[in-house]
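In what follows, a structure is listed as structure tokens, so that the remarks can point back to it.
The values are calculated or read from the model by the stated rules, or taken from the named source; none is laboratory data. Everything numeric here is computed off the predicted structure, so don't read it as measured data. Please note: Cβ atoms are built from the backbone with ideal geometry, for glycine as well, and neighbour counts cover all protein chains shown. Ligands, DNA and RNA are excluded from the accessible area calculation, which covers all protein heavy atoms including side chains. Shrake-Rupley method; radii C 1.70, N 1.55, O 1.52, S 1.80 Å.
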Amino acid sequence: MTNSLVEKLRDSRSSPSVLRDKLIRAKGGQHDKIIFVFEGFDDVGVYEEWIKKINDNIEFEPIPGKGKRQLLDLHKSLVDKNDKNISNTLFFVDHDFDKDNEYGDNVCVLNGYSIENFLCSKSVLNSLLKDEYRCAGEVDIREDIIANFEKCYNDFCKHFYDINYYIFSARREKVEIVKKPERVTNFVNVEVDKITPKEYNVEEVVLFGGAVDISKHQQDYSLLSSMYSVRGKYILDFFKKWLAALTDDRKSANSILFNRDLPKITGEPHSFELRRLASASAPPESVNVFIQNWLLTKL
């Protein structure tokens with residue numbers, strides 16, 4: 001099979017028509033049936049946890065798509081054609097590095113780069129420490145570990161600044177990114193008590209499909225918090241690697257962060273599903289407001 005044919009097949013799976021077929025099957029002829037459409041399978045469990053916290057009486061059928069563009073194209077098509085299937089069909093998309101994020105009343109845009117940015121936080125870590133790491137009742141240990149995590153998190157964001165800024169610049173200029181890092185440990189060493197950078201040339205690890213004025217967007221980018229300025233995939237990868245180091249430290253006879261005898265832990269507590277993290281996180285403000293406003297239209 002030629003590369004061009006493979007690419008055509010891959011593109012066809014991401015077309016809005018494929019997603020519309022899923023929507024029609026889920027509706028089953030009931031145009032007012034509540035359908036929530038997400039960017040991918042990973043989003044389903046996370047949003048189920050968040051929406052349950054907002055209102056546990058909402059019964060909806062989730063549909064995973066193939067990315068933000070597919071969802072937005074389908075939404076636009078349904079609106080333009082005044083398709084009855086738009087009724088009670090809500091779309092949930094990441095903010096990403098996009099500048100314009102106003103798509104209509106049926107589209108919820110996260111108030112952060114992506115769902116991962118909301119899942120890797122000190123409140124989530126505190127929940128993991130109480131349960132999986134068996135530190136319930138050990139308030140001082142948890143507080144010290146959380147303070148250490150926040151330092152590592154901030155150092156990670158600092159060391160990954162250039163990579164994120166290059167990606168941000170390309171997105172703002174709508175230039176294709178032909179190569180970008182996927183694994184954070186190729187660029188930083190993640191240890192339980194410190195993050196240290198590795199040597200790399202950002203111009204070699206982030207490649208563009210066209211010309212990008214790198215100096216043009218510094219001011220806009222500098223105003224963003226880490227919730228918006230760091231790709232969620234990077235934050236999640238960092239969080240997983242740091243928690244793996246925390247697990248090793250928890251099991252070590254010469255622990256750095258666990259300074260007293262504690263109950264033994266079994267398994268690998270850093271191996272989790274995103275739903276577990278979502279269960280310990282608060283729903284993003286944008287999702288909360290979006291759902292509450294939508295519910296008002298049902299009264």
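Of the listed peptides 232-242, 288-298, 251-261, 62-72, what is their order by residue-averaged count of other C-beta atoms within 10 Å, with the highest listed first?
Details: 232-242: 21.7, 288-298: 13.7, 251-261: 11.7, 62-72: 18.4.
Put in order of decreasing packing, that is 232-242, 62-72, 288-298, 251-261.
Taking Cα pairs under 8 Å and at least six residues apart, what relative contact order does the range 15-172 come out at, in percent?
Details: 161 pairs, mean separation 31.8, N = 158.
That works out to 20 percent.
Using alpha carbon centroids, what distance separates the range 36-76 and the range 79-125, in Å?
9 Å
Using only Cα atoms and rounding to the nearest 10 degrees, what angle (0 to 90) does helix 139-159 make with the longest principal axis of the chain?
That works out to roughly 60 degrees.
What is the spin-label model distance, in nm, from Ala136 to Asp21 if the labels are put 7 Å beyond Cα along the C-beta direction?
Taking the two extended label points, one gets 4.8 nm.
Where a Cα-Cα gap under 12 Å defines reach, which aspartates and glutamates qualify for Lys122, not counting those fewer than 8 residues away within the same chain?
Of all the aspartates and glutamates, those that pass the test against Lys122 - Cα under 12 Å, at least 8 places apart if same chain - are Glu143, Asp144, Glu150.
Gain in length, Asn293 to Lys122, computed as 0.36 nm per residue apart minus the alpha-carbon separation, to one decimal in nm? Don't jump to the answer; show the numbers that get you there.
Details: separation 171, 0.36 × 171 = 61.56 nm, distance 2.88 nm.
Full extension of this stretch gives 58.7 nm more.
Using semi-axes √(5λ) of the Cα gyration tensor in Å as the read-out, say which of [x] 32, 22, 18; [y] 28, 21, 21; [z] 36, 27, 17 was calculated from these coordinates.
[z]
Do you know the relative contact order of the range 74-137, to the nearest whole percent, from alpha carbon pairs under 8 angstrom that are 6+ apart? Mind showing how you got there, number by number?
Numbers: 44 pairs, mean separation 14.1, N = 64.
Taking the mean separation of contacting Cα pairs over the length of the range 74-137, I get 22 percent.
Given Cα pairs under 8 Å that are at least 6 residues apart, what percent is the relative contact order of the range 146-264?
On the way: 110 pairs, mean separation 35.7, N = 119.
The value is 30 percent.
On C-alpha positions alone, give me the angle between the axis of helix 285-297 and the longest principal axis of the chain, in degrees, nearest 10.
Once rounded, one gets 30 degrees.
For a 21 Å ceiling on Cα separation, which of these pairs sit above it: Lys130/Lys198; Lys151/Lys216; Lys33/Lys84? Before the final figure, lay out each step's value.
Numbers: Lys130/Lys198 33 Å; Lys151/Lys216 30 Å; Lys33/Lys84 11 Å.
Cα-Cα > 21 Å for Lys130/Lys198; Lys151/Lys216; rest within.
How many percent of the accessible area of the range 211-270 is carbon or sulfur, using a 1.4 Å probe?
Numbers: 1620 of 3350 Å².
Whole-percent figure for carbon plus sulfur exposure: 49.
Would you mind checking Lys53/Lys76; Lys52/Lys298; Lys194/Lys264 for any pair whose Cα atoms are more than 22 angstrom apart? Could you put the intermediate results ahead of the total?
Numbers: Lys53/Lys76 29 Å; Lys52/Lys298 17 Å; Lys194/Lys264 24 Å.
Beyond 22 Å: Lys53/Lys76; Lys194/Lys264.
What distance in nm separates the simple spin-label points at Glu102 and Asn254, each placed 7 Å from Cα in the Cβ direction?
Each label point lies 7 Å from its Cα, and together they span 6.0 nm.
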